[in-house]
Every structure is written in C-alpha cells, then in structure tokens.
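Heads up: the structure comes next, in structure tokens.
The values are calculated or read from the model by the stated rules, or taken from the named source; none is laboratory data. A quick note: this is a predicted structure, and the numbers were derived from the prediction, not measured. When we count neighbours, we look across all protein chains shown, and the Cβ atoms used for this are built from the backbone with ideal geometry, even at glycine. To get the accessible areas, we keep the full protein, side chains included, count just its heavy atoms, and leave off ligands, DNA and RNA. Shrake-Rupley method; radii C 1.70, N 1.55, O 1.52, S 1.80 Å.
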Amino acid sequence: MLYNNNAFKDFDTEIKMKIEFVDLKRQLYGDPIVVTKGIINEIIENIDAFIKNTAFTMGDFLEKFEKEFTEYCNTQYCVGLNSGTDALEFALRCNNIIEGNVITVPNSYFTTASSINQAGLVPRFVDVDRETFNLDTIQLEAAIDKNTKAIIPVHLYGRPANMSEILKIAEKHNLIVIEDCCHAPGARFDSKKVPISGTGCFSFFPGKNLGSFGDGGALVTNDHEVEKKARMWRNDGSLEKYHHEILGRKARLHSLQAAILSVKLKHLDEWNKKRIENAAYYNEKLKDIKEIQLPLSSSDRIEPVFHLYTILTDKRDQLENYLKQNGISVGIHYPVPIHLQPAYSYLGLKKGSFPVTEKLAETELSLPMFPELRKDEIDFVCEKIKDFFLKA
C-alpha cells in the first residue's frame, strides 16, 4: 500500500517558525508548506521487495547497495558494516597495522579516536587549521615518529581535508592513509569524490547526508586484500560458512538498511547540492555580522557537502539559548575535545595541548541544515542572529 502524502499535512507546527535542526520527516513525506514530494513511497516499495525476498541477512540487497556505493565513490570495493566506527577499526586491522600510533585530530566524534584503540593501536593527536577545522598539515609532519603507522584525516562537517599535502607527507614517510568520510559522502577534492586515498570510512547514521533507519556504515577501498579481510571481520572471521580464518565478529550492514540506502543514494547528489545552496545563502545573509566566523564555501579545489553548517562566536552559549527560545534547534559539535575526555586521561594531555581545537569547542554552533530547509526558515534564523547581536 502506497503512502498518501496529503495525510501528513498535520506536520505544520504550533509555532509557525519552529525550525528543526534536521527534519527527516520532510525527506520522507515532503514539505506541506511548499507541497513537495518525499521519498516514502520509494522506500516502502523497496522494503516490500526486501520482505518478499526473505534474505534478511546478507544477500541480494546488501550486495546491490555495495555495488552502487562502490560506483558512487569511484572505488573498486565496498564492504557494508554496522557503523562508521567499525569501518575505521577494520580499515586499520585489514591493513595489517598491529602496533604503533595513528595520527588523527582531536576535534571529531569520539569514535574516530576510540576505533584506533579498538584496533590495538594508540591515537596521536594533531591540532587543526583555524579556517578549515581540518588536520593542520604544517603540524602533521612534526608529529610523525618511528612508531607512526597511519594517518586518519577527518573531512569535518563535510569539508575535505587537504588531501594532496596529506598524501605527499604519507608517501614520504611510508604511511597508510585512511579517510574518515562519515560527514562527507559526495564531497570532492580536486574534482574527485572522497576518499582521495582510495580507502574511506562512512557512517549511515540517520542524520548523516546519506542516512539509514538506524546504525550503518561502510568501508570502501581499492585494495582487494583489505576488502577480503573486512568481509571476514564483519562475519565472524568467515567467507565460507563454518570455516573461520580469523577471530572476527558480527558487524554486517543489515540488509534492510541496505535496501533503504539504495533508494536514498539515488538522491544524494541532489540533496548535497541543496545543502551547498543553503550554506551559500546563510553566508550571504550573515556576512556582515562581525562577531561571528562563517564556514568556508566551495573553492576551485574543494567542494564541501555541508553535513553541518557551523559558525563560531565568543557568545556561543548565549546565542544558543536565544535561538532555542525562538523555536530554532541548534547543536554543538563537539563541546569536549577528544583529548580532554576522561577515557583519554591516560595520555596525559591537558587543556592547552591543542588550542585551536579547544577554541572551537568553546565557540562552535551548528545551525539548522538539511536539504529541505527553506529560504524563509534561513531568513528567520539569520534575523534572530542579527537581533541577538544588536541586543548584546
């Protein structure tokens, strides 16, 4: 039975301009204000086909999505997993990195670093650039020592890191590069989609640019041995039933999520384009407010996909409260840097270790951002930001 889009006109809220941080209902059911069509019927049709197929674990729908995502990323292989965290851990394990340290950044979600520990390695943090918020390549080389085995750059907020410089440094020191692409499916560096190195890890958490209906992730690679080992790791160490070559575990992308992702993947480029347009509109509306720093837009080399639209301001907490009082949902990414988390106290790092990251944690505010966000809603958000600074 197909879904009747008109049935959800009740989504109009009591506060006319109550704005969600991410509104997944519009993606599914459309926007009743401007009468757009959502993708719910496409999803239902694919779920119905999935149920009739009865291959509820592994099987056709997972294989189909893996092939589609491989083609989308311009890589040779894709292994569907149950999270981006597992993708990062498996990428390290399957590259045979068994000891040493791995360089990454302290301003990301916690599991970018914890996946390094899960693989039996030690994270070594390098601070980020003040404008891009990505790995500072000037500091990178100085952090490399004889125990360094890999680099995990994070394409934070959907903006690719400086991959040409990172790859040059990695090649010089014979290091493996594994890209954390969890914020950035479809983002481009020098006209090429990430991962630029050929190995990338993705999350399909519901709020991501390409989100499932639960947890999900993928490891993409151009290395057949990495792909083969990742398939074993996700399936109790087995490629053939009852024959276990390694001590793996269950970490498969659920076939139902793969069926949903196959539908969404067809729309991803269009959705990313709308995010880019929304970010440009935000930047235009907010450009004259001297108290905030705006995110960088696209350049000749870099095309971000704006998983998040972030501003920086020394009055972050007051602005956050003001916007919430006016019906605007906002977020903070990330209020406690990884190196200051209790779990990493054993590293002996203190406040002041990574000043740029720590300043971001104190000043970053993420504004509403999703493809279906309307210009009148962006106008409202920007008006309230301007009002706040006029009153401040």
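The table below gives the values:
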item	result
Those residues of the stretch 180-202 which are of a type outside the set (A, V, I, L, M, F, W, C), within 11 Å of the chain's Cα centre (by Cα) and under 20 Å from residue 136 (Cβ atoms), in sequence order	180, 183
Residues being without any contact (Cβ under 8 Å) to a residue 12 or more places away in the chain and either of a type in the set (Asp, Glu) or touching a helix residue (DSSP H, G or I) at 6+ places or on another chain (Cβ under 6 Å) (or both) - total across the stretch 61-70	1
Segments classed as helices (runs of 4 or more DSSP H), wholly inside the stretch 13-89, with at least 3 members that are over 18 Å from residue 269 (Cα atoms)	40-53, 60-73
Some residue of the stretch 344-364 being of a type in the set (Gly, Ala, Ser), in contact (Cβ under 8 Å) with a residue 40 or more places away in the chain and more than 23 Å from residue 115 (Cα to Cα)	no
Some residue of the stretch 261-279 being hydrophobic (A, V, I, L, M, F, W, C) and at pLDDT below 95	no
Unique match (being in contact with a Pro (Cβ under 9 Å, 6 or more places away or on another chain), open to solvent by 70 Å² or more (accessible area, probe 1.4 Å) and either among the acidic types (Asp, Glu) or assigned to a loop (DSSP other than H, G, I, E, B) (or both)) among 362, 358, 377	362
Cross-chain or 6+ apart pairs with Cβ under 9 Å, the stretch 140-164 first and without any contact (Cβ under 8 Å) to a residue 24 or more places away in the chain and within 18 Å of residue 272 (Cα to Cα), then open to solvent by 10 Å² or more (accessible area, probe 1.4 Å) and not in a helix (DSSP H, G or I)	none
Any hit, the stretch 116-124, residues being closer than 30 Å to residue 266 by Cβ, in contact with a strand residue (DSSP E or B) (Cβ under 7 Å, 6 or more places away or on another chain) and either assigned to a helix (DSSP H, G or I) or aromatic (Phe, Trp, Tyr) (or both)	no
Residue that is surrounded by the fewest Cβ atoms within 10 Å (Cβ to Cβ), among those in the stretch 380-392 that are touching a residue at least 12 places away in the same chain (Cβ under 8 Å) and of a type in the set (A, V, I, L, M)	392
Search result, residues across the stretch 185-210 that are closer than 24 Å to residue 21 by Cβ, buried (at least 22 other Cβ atoms within 10 Å of the Cβ) and not hydrophobic (A, V, I, L, M, F, W, C)	185, 186, 203, 209
Some residue of the stretch 76-97 being more than 22 Å from the chain's Cα centre (by Cα), surrounded by 15 or more Cβ atoms within 10 Å (Cβ to Cβ), within 30 Å of residue 361 (Cβ to Cβ) and touching a residue at least 40 places away in the same chain (Cβ under 8 Å)	yes
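Residue-by-condition table, conditions (1) in contact with a Pro (Cβ under 9 Å, 6 or more places away or on another chain); (2) crowded, with 19+ Cβ neighbours inside 10 Å:
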| residue | (1), (2) |
| --- | --- |
| 112 | yes, yes |
| 118 | no, no |
| 121 | no, yes |
| 126 | yes, yes |
| 130 | no, no |
| 135 | yes, yes |
| 139 | no, no |
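Conditions (1) closer than 17 Å to residue 212 by Cβ; (2) more than 25 Å from the chain's Cα centre (by Cα); (3) surrounded by 18 or more Cβ atoms within 10 Å (Cβ to Cβ), marked per residue:
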| position | (1), (2), (3) |
| --- | --- |
| 21 | no, no, no |
| 27 | yes, no, yes |
| 34 | no, yes, no |
| 38 | yes, no, yes |
| 41 | no, yes, no |
| 50 | yes, yes, yes |
| 53 | no, yes, no |
| 58 | yes, no, no |
